[in-house]
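For reference, the structure discussed in these notes is given below.
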Amino acid sequence: MDRIEKVILRNLVFNEEYLRKVLPFIEPNYFSDRNEKVVFEHIAKYASEYNTLITKEILLIEIEDRRDVSQNEVKGINDTINDLQDIECDFEWLSNTTEKWCRDRAIYLALMESIKIADGQDDKKNRDAIPSILSDALSVSFNRNVGHDYLEDYEERYELYNRKESRIQFDLEFFNKITKGGLPNKTLNIALAGTGVGKSLFMCHHASSVLLDGKNVLYITLEMAEEKIAERIDANLLNVNIQEIIDLPKPLFESKVTNLAKKTQGSLIIKEYPTASAHAGHFKALLSELSLKKAFKPDIIFIDYLNICASSRYRAGSNVNSYSYIKAIAEELRGLAVEANVPIFSATQTTRSGFASSDVDLTDTSESFGLPATADLMFALISTEELEGLGQIMVKQLKNRYNDPTYNRRFVVGVDRTKMRLYDCEQSAQDDVLDSGQDVEYNDNENKVTKKFAEFKF
């Protein structure tokens, strides 16, 4: 019985359909036998230059002209070529078997490279690169999709237009409006705010609402301890002042949590990593571990927050500018969202100038202007003394791939910081938020107190 490598080489010489399908996915180092590797290199080179099959005669001539092989090697390579025979083989079986062989070889080589890195034998890569190397190997497959034929594939396109996309909804009206019903899978969504404005509060509130909606939530924190995030979510879901949670009698606390568990089919996992120590590779490994040990698959992932993640592309402490570093983190997180088929929600800091501003723009994105280019949705959370007095946070759309960001460009949401909650404001508050650049008035229904924000720049 022939080895699979010999079968592959044989069909690369005699089967043009097979050649065109599999050649882009085969690497020379997949062949462990030196003779077979050399033969493949010439097959691939000839196909690239002449866009057709090579013949055994041409192979024999090419080998004679090769300068990096000895005469003894030439004899062995010629024997390999002469053994190639045009034998018919089931195409589907051949394709599937070749795909499996490519994946197996890629995984084996990735493991060998990872061991070398782990032993400190690679000067260019550190251990943080290992998860990415293994992930690339595991993802090896023959991409059978050659593209969307606009004129022929209209039925598929029509069904897509009319298919209700699975989205993670907000419990806040205007966020559902600007996202057309919530966050789609395979997306990266970013909240931009200064320290203390409400990045973590927003994520904790949204995580709480998604859990109540019966969905599974993974909350990754690199800033606060797991217990502090859980405390904020307790305040939100148990309807308790965050300062008073510590005073709750254990039976009452237990009763509230038990009642909460009856209201949802979802689960919430909170995982803490030290600041700047974890990257998308670690999060991917966590997903695998949760799936294996707890049969848990998240419907949405929160990462608190993006700027203090690490990147798998760059060694910690390496001489790389902040633009490249933060953009790499964002790209890796969005890649994770695509691979896990979930929306990822994270946050970023404003610059120092943006922190004190009553208005925030994309230029106020801390450390990296490349971040907005990667995000699908990005909005700013703005707080002023006047807004705090009204119990409100201003939301300003900065980028939106789901909808026209000029509609409802600005709106307000209510905030209860004692219970770590956000809520919809009355329509009168939204009516007062003008996009014209004029003064913005906020009317309290009881006292009719008018607040002016002439400093807002639109």
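The values are calculated or read from the model by the stated rules, or taken from the named source; none is laboratory data. These figures come from a predicted structure and were not determined experimentally. Counting neighbours? That spans all protein chains shown, and the Cβs are built from the backbone with ideal geometry, glycine included.
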Which count do you get for residues in segment 193-252 that are in contact with a strand residue (DSSP E or B) (Cβ under 6 Å, 6 or more places away or on another chain), polar (S, T, N, Q) and either without any contact (Cβ under 8 Å) to a residue 40 or more places away in the chain or in a helix (DSSP H, G or I) (or both)?
2
Select, from Gly147, Gly194, the only residue that is in the same structural domain as Gln392 (by TED's automatic domain parsing) and at pLDDT below 95.
Gly194
Of those in segment 150-178 that are of a type in the set (Ser, Thr, Tyr) and farther than 30 Å from Leu286 by Cα, the residue modelled with the lowest pLDDT is Tyr161
State the number of residues belonging to segment 86-125 that are under 13 Å from Tyr30 (Cβ atoms) and among the small types (Gly, Ala, Ser).
2
Just to be sure I understand the filter: pairs with C-beta atoms under 8 Å, separated by 6 or more residues or on different chains, first member in segment 295-308 and more than 16 Å from Pro184 (Cβ to Cβ) and in the same structural domain as Ala285 (by TED's automatic domain parsing), second member outside any strand (DSSP E or B) and among the charged types (D, E, K, R). Which pairs pass?
Asp304/Lys199; Asp304/Glu223; Tyr305/Lys199; Tyr305/Glu223; Asn307/Glu367; Ile308/Glu223
Within segment 411-422, the count of residues that are over 28 Å from the mean Cα position of the chain (by Cα), part of a strand (DSSP E or B) and in contact (Cβ under 8 Å) with a residue 60 or more places away in the chain comes to 1
Tally the residues that are under 36 Å from the mean Cα position of the chain (by Cα), surrounded by 11 or more Cβ atoms within 10 Å (Cβ to Cβ) and not aliphatic (A, V, I, L, M), restricting the search to segment 69-127.
20
In segment 424-446, residue nearest to His205 (Cα to Cα) [restricted to those that are surrounded by 13 or more Cβ atoms within 10 Å (Cβ to Cβ) and modelled with pLDDT of 75 or more]
Asp424
Within segment 157-192, the residues that are in a loop (DSSP other than H, G, I, E, B), basic (Lys, Arg) and surrounded by 16 or more Cβ atoms within 10 Å (Cβ to Cβ) are Lys186
